[in-house]
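Taking it in order: structure first as structure tokens, then the write-up.
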Amino acid sequence: MRQLKELCDIKPRQDWVILAKNRILAEPTEALAKADKPGLLSFFPLFRYKLAFAPIISVLVVIGLFGFTQKTVPGDTLFSVKKMTETAQVAFTSNIEKPKTQLKLANKRLDELSRIAQANQVRSLDPAIKEFQTSMAQAVQDLVAMNTSVTSSDALILQEIAIETQKLEENKQKIETVLGVVIGDTGALENALAKLVERELKDLEERSLTEQQSQFFEEARLAYLEGDYLEALVKILLLSNQ
């Protein structure tokens, strides 16, 4: 009891009391000061906001880049990106559709050549001609492959091949007149068309034809013998529509 009373009688020194009081009063102030300071977590909403829009911005950038590359021509820096997208598109087409797809690309190369000639971009002429020749060679290769792997083609496919071939011949002649040079030989394409027409004529010989169809068949056969394979293909299409 005596010891307890002695402990109760102990009083702190005056300087210690003042120091403790100052510390107690300072602690809430420091806590409030810390609470007022923005922490790292306070920036997270803005960070999350920016992340939410990141995919949208990326898509818009890709779309913008794609649209820009479609206007490029051989010789431009981003033309290779355009070629990559075209290659990807061809990769997802069936073997029977590849010839008309490649013919469309060959016509696209002619359109680019026409723009180059009009703008007098001499630097781009040589790469543009080479790209056209490459597209032509691939179109012939795919047409030959179709002739060997397919016994009879869909009329719509034949129509698109005929349309793209006629467009190609006309545009090629116009550009060659403007440039004053031959930009490519269509002999291989003519041979591939001859094989296509020959196959279609043999298939029609085994069918029962109406009088009107027989007339178109005979006109197609004569055009084939004369070497006008595009005209023969057109007659075959007319026959198919009867």
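The values are calculated or read from the model by the stated rules, or taken from the named source; none is laboratory data. Note that the coordinates shown come from a computational prediction; the quantities given were computed from them, not determined experimentally. As a convention, Cβ positions derive from the backbone with ideal geometry for all residues, glycine included, and neighbour counts pool all protein chains shown.
Okay, here's what the table says:
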{"item": "Qualifying residue in the range 101-121 (condition: closer than 22 Å to GLU198 by Cβ and either within 26 Å of the chain's Cα centre (by Cα) or surrounded by 18 or more Cβ atoms within 10 Å (Cβ to Cβ) (or both))", "result": "yes"}
{"item": "Elements of type helices (runs of 4 or more DSSP H) contained in the range 137-242, each with 2 or more residues being among the aromatic types (Phe, Trp, Tyr)", "result": "211-225"}
{"item": "Every residue from the range 115-135 that is out of contact with any Pro (no Cβ under 8 Å at 6 or more places or on another chain) and either of a type in the set (Ser, Thr, Tyr) or not in a helix (DSSP H, G or I) (or both)", "result": "ASN120, GLN121, THR134, SER135"}
{"item": "Any pair with Cβ under 6 angstrom, 6 or more apart, that starts in the range 179-200 at a residue that is under 21 Å from SER240 (Cα atoms) and assigned by TED's automatic domain parsing to the domain that holds ALA155 and ends at one that is among the aliphatic types (A, V, I, L, M) and surrounded by 15 or more Cβ atoms within 10 Å (Cβ to Cβ)", "result": "ALA192/VAL140; ALA192/LEU143; ALA192/VAL144; VAL197/ALA232; VAL197/LEU233; GLU200/ILE236"}
{"item": "Condition check for THR177: touching a helix residue (DSSP H, G or I) at 6+ places or on another chain (Cβ under 9 Å) and either hydroxyl-bearing (Ser, Thr, Tyr) or loosely packed, with under 15 Cβ neighbours inside 10 Å (or both)", "result": "no"}
{"item": "Tally of residues being out of contact with any Lys or Arg (no Cβ under 8 Å at 6 or more places or on another chain) and surrounded by 17 or more Cβ atoms within 10 Å (Cβ to Cβ) across the range 214-227", "result": "2"}
